[in-house]
Structures are given as structure tokens and as C-alpha cells.
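Participant: Input: one structure, supplied below.
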Amino acid sequence: MTTLYYSREKLVLSGALLLFFVPVVGLGCFFFGPFGMVLGAILLVGGPLMSIGRLARVFGDLRAVEYDERQITLYPIGAQRRLDWRQVASIEVETLTQYIYGFIPVNRQHSIQISHAADGRRLSSINIPFNLLNADKAAIMARMTHMEMLRSRAGEAAAGRAVPQGMADEAEPSDFDADAVMARYLARRGEQQAQAEEPARPQMPPRVAGFGRKRA
């Protein structure tokens, strides 16, 4: 079983920022017109709500992702989810970029994004932020590569089990022995080479009829 863990320090820091700093920013937004008031209300309510899930993880076992060759269990900021590898559609890095004035990037946040079939057709995604995990980016990417390998292997195994019955029935056992055929071929080839290498026996020239005395 392979496990990625949350960092307790990062959970505490981000939870405190969401609980105290974000509502203060929300109050400041109320001075910037109707749009600012709407944004301020969202920050006032959303900040503390988002902090609850992160602070609750601080007192848990800090598991974020747990997987083996059969399945993967995700522990996002919310309810956990267990999936078989054949249910997982993709494993990707999701990047959220924050801008100032709409075009100046100031921050990029990466997440492990697991997409899976929610109801047979619709795909649903679960995100685990990089900046909350107790591992650096290189280690997280290595784990994601391993997870993708297991997902691909499970897909290939499922495709192999889905061979049509008619095709499976055609592959009946036969009496053909390739080794025996090859042995006979090599034996015949050896005999032919031996005969070719045998020196030719001297032969008398053919008798030619003609005039002259008969030789004794």
C-alpha cells in the first residue's frame, strides 16, 4: 500500500488564513460597489466553511491518497472516495492560476486531479492540492506516474478479459510440434551438407567408338 500524506503544518496555516484573513478581505470588498459586496459576502461565508475541512484533517491520520494494485482511495477536503482502477478515467495535474487585473499571473496552484465515472456517463473529478501535501513536487509527480501505470495496467487487463467468446473458441489446441519440425529440417540439412562435402570418386572416361587398333 502506497500513501501520500497531508502536512499538518500546511493544513493549520491554510485553515487559519481561510478562517481569519479571508473574511477580513471580504469585509474590505464591501466598499467597492455592488460587485465588491457580492464578492465580500462570498469570502465572508466561504472562507470559514473551507477552513473547517482543513482544520478537521489536522486531528485525523493525515492520509490524502492511498492506493495499491487493485484500487485507490482519495481523502480530499471532504468525504473520502474509494475507486477501482478501472473506474478511473484519467490522472492529471490541474493548475489554477491567479491573476491581478485579469492578465498578470501572481500565483499558480497545482492539484492531483482524479477523474472517474460518476454515473456511467458523466465524469466527476476529485482534486488534492499539492501545497497541502507532505511531499515536494518531484515526489508527487513520481507517485502520479506510478498511479497512471497501475491504471493503464488495469485497463489492459480488463480489455484482455473482454475477448469475444467466438474468438476464444477458435484457438483450439493442435498436434503441431514446431520443435519436432525444426529438428527434422536440421537433420535433413546436415545430411545434404555431408553429401556435398564428400569428395567425388574418380571415374573412367566413356569409351568412344572409332577407327584404330583395339587396345588390350
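The values are calculated or read from the model by the stated rules, or taken from the named source; none is laboratory data. The shown structure was predicted, so the numbers you read here are calculated from the model rather than taken from an experiment. Cβ atoms come from the backbone with ideal geometry, glycine included; neighbour counts cover every protein chain shown. We work out accessible area using only protein heavy atoms, side chains counted, and drop any ligands, DNA or RNA first. Shrake-Rupley method; radii C 1.70, N 1.55, O 1.52, S 1.80 Å.
Participant: For the stretch 12-55, which chymotrypsin sites (Phe, Trp or Tyr not before Pro) are both in a DSSP coil and crowded by at most 12 other Cβ atoms within 10 Å? Intermediate values should be presented prior to the final figure.
Facilitator: Numbers: sites: Phe20, Phe21, Phe30, Phe31, Phe32, Phe35; in loops: Phe30, Phe31, Phe32.
Passing sites in the stretch 12-55 are Phe31, Phe32.
Participant: Which loop trypsin sites (Lys or Arg not before Pro) in the stretch 55-85, with loop taken from DSSP, have no more than 14 other Cβ atoms within 10 angstrom of their Cβ?
Facilitator: Listed in order of number, the matching sites are Arg70.
Participant: Further question: Can you give the accessible area per residue of the stretch 15-66, in Å², using a 1.4 Å probe?
Facilitator: Value returned for the stretch 15-66: 61 Å² of accessible area per residue.
Participant: A further question follows. Compute the distance in nm between two label points, each set 7 Å from the Cα along the Cα-to-Cβ direction, one at Val58 and one at Glu156.
Facilitator: Roughly 4.5 nm, to one decimal.
Participant: So how exposed is Leu44, as accessible area in Å² (1.4 Å probe, rounded to 10)?
Facilitator: 60
Participant: Sticking to Cα atoms, compute the Rg of the stretch 1-160 to one decimal and its Dmax as the biggest Cα-Cα distance, whole number, in Å.
Facilitator: Radius of gyration, then largest Cα-Cα span, for the stretch 1-160: 18.2, 63 Å.
Participant: To one decimal place, what Kirkwood hydrodynamic radius in Å is obtained for the stretch 1-73 from all pairs of distinct Cα atoms? Working shown, then result.
Facilitator: Details: mean 1/r = 0.0721 Å⁻¹.
Result for the stretch 1-73, one decimal place: 13.9 Å.
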